[in-house]
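> The structure is given below, and queries will be raised subsequently.
Values quoted throughout were computed directly from the atomic coordinates according to the rules given, and no laboratory measurement underlies them. Values in this document were obtained by computation on a predicted structure and should not be read as measured data. When we count neighbours, we look across all protein chains shown, and the Cβ atoms used for this are built from the backbone with ideal geometry, even at glycine.
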Amino acid sequence: MPERVVREVIYPLPFDVNSFLDDFQRLSESELQAIYSEHIDGYINSYHLTKSIAEVLIKQECFNVPVVIVRPSVVMSANTEPEPGWFQGLQLSTGLMAVWTSGLIRTIVAHEDFATPIIPVDLLGNFILAAIYQKFKSNTRNITIYNCTTNCENSPTMPMLAYYYGELAEMYPSCKMIRTPLRYIPKSRNKFTYKVKKITHHTLFSYFADCLLKLKGEKAM
């Protein structure tokens, strides 16, 4: 269950995990949706829930196998290795950076004061190797858990990330940039305001861009 401070322990689930998995094998999609709606209460999203299920299953099935669980925060592109900025895929923060620096999106729902605890993927890889080595040296059979993250003082806020993304886009513009990215995030904590800005900044712009592409005889976005 969510806490202000995430402890390095395996949190118990409010339901029996084996019965939960059995239900997924035999129930229909509508029945599963009802069960999901019941069990998701108290969790941030389905990703958070399934991670908790995985940890409980590891604890249940690992027996005497030495286990290390590393929980990273928001994984970012590499700091130095194999080269600065490297990342495989466009998930999470890297995907946000790609669409922001291309000018594709210009508004999101975000709290301007909330810190984003990012961790470069190469530092995470080194952390995992060090955790495995430490587990091997300790020769213990209990499950060891590490939260791999930065503290609030070293974590940028969303407006800071937008500024850095905009600065990088000007220094290293992408060939796929469709318009100049903003160096700030319009305040859109209110979801209604966000939807209005989404229509003006995204939907109307995409229609306009499609019209220009069609006039040029090119494929629409």
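> At 222 nm, what value in deg cm²/dmol follows for the chain if DSSP H runs of at least 4 each add -39500 (n - 2.57) and the sum is divided by all its residues, to the nearest 500?
-14000 deg cm²/dmol
> I would also like to ask the following. If you average the alpha carbon positions of the stretch 15-31 and of the stretch 115-170, how far apart do those two centres end up, in angstrom?
Result: 34 Å between the Cα centres.
> Quick one: order MET76, MET160 by neighbouring beta-carbon count within 10 Å, fewest to most. Numbers along the way, then the final one.
Numbers: MET76 23, MET160 15.
In order of increasing Cβ crowding within 10 Å: MET160, MET76.
> Find out how many positive minus negative residues lie around CYS152, taking Lys and Arg as positive, Asp and Glu as negative, among other residues whose Cβ is under 13 Å from that of CYS152.
-1
> Mind running the shape call on the stretch 1-62? Use the C-alpha gyration tensor, a ≥ b ≥ c as the square roots of the eigenvalues: rounded below 1.5 for a/c, prolate if a/b tops b/c, oblate otherwise.
Because a/c hits 1.5 or more and a/b fails to exceed b/c, the stretch 1-62 counts as oblate.
> Among ARG71, ARG4, which comes first, second and so on when ranked by fewest other beta-carbon atoms within 10 Å?
By the 10 Å Cβ count, ascending: ARG4, ARG71.
> With a 10 Å Cβ neighbour count serving as the proxy for reagent exposure, in which order, fewest first, do TYR163, TYR133 appear?
Details: TYR163 16, TYR133 11.
Neighbour counts put them in this order, fewest first: TYR133, TYR163.
> When only Cα pairs under 8 Å and 6 or more residues apart are kept, what is the percent relative contact order across the stretch 1-62?
On the way: 26 pairs, mean separation 31.3, N = 62.
In percent, rounded to a whole number, it is 51.
> Of the beta bridges DSSP finds with both residues in the chain, what % are antiparallel, to the nearest 5?
If we restrict to bridges inside the chain, about 10 percent are antiparallel.
> With an 8 Å Cα cut-off and a minimum separation of 6 or more residues, compute the relative contact order for the chain in percent.
On the way: 257 pairs, mean separation 50.8, N = 221.
23 percent.
> Express the C-alpha Rg of the chain as a ratio against the empirical globular expectation 2.2 N^0.38 Å, rounded to two decimals. Please list the in-between numbers first.
Working: Rg = 21.7 Å, N = 221, 2.2 N^0.38 = 17.1 Å.
Computed over Cα atoms of the chain, the ratio equals 1.27.
> With a cut-off of 8 Å between alpha carbons and a minimum separation of six or more residues, what is the relative contact order of the stretch 65-187 in percent? Don't jump to the answer; show the numbers that get you there.
On the way: 194 pairs, mean separation 49.6, N = 123.
That works out to 40 percent.
> Further question: Using a Gaussian network model on the chain with a 10 Å cutoff between Cα atoms, which of ILE108, ILE58, ILE199 fluctuates the most?
Judging by the Gaussian network model, the answer is ILE199.
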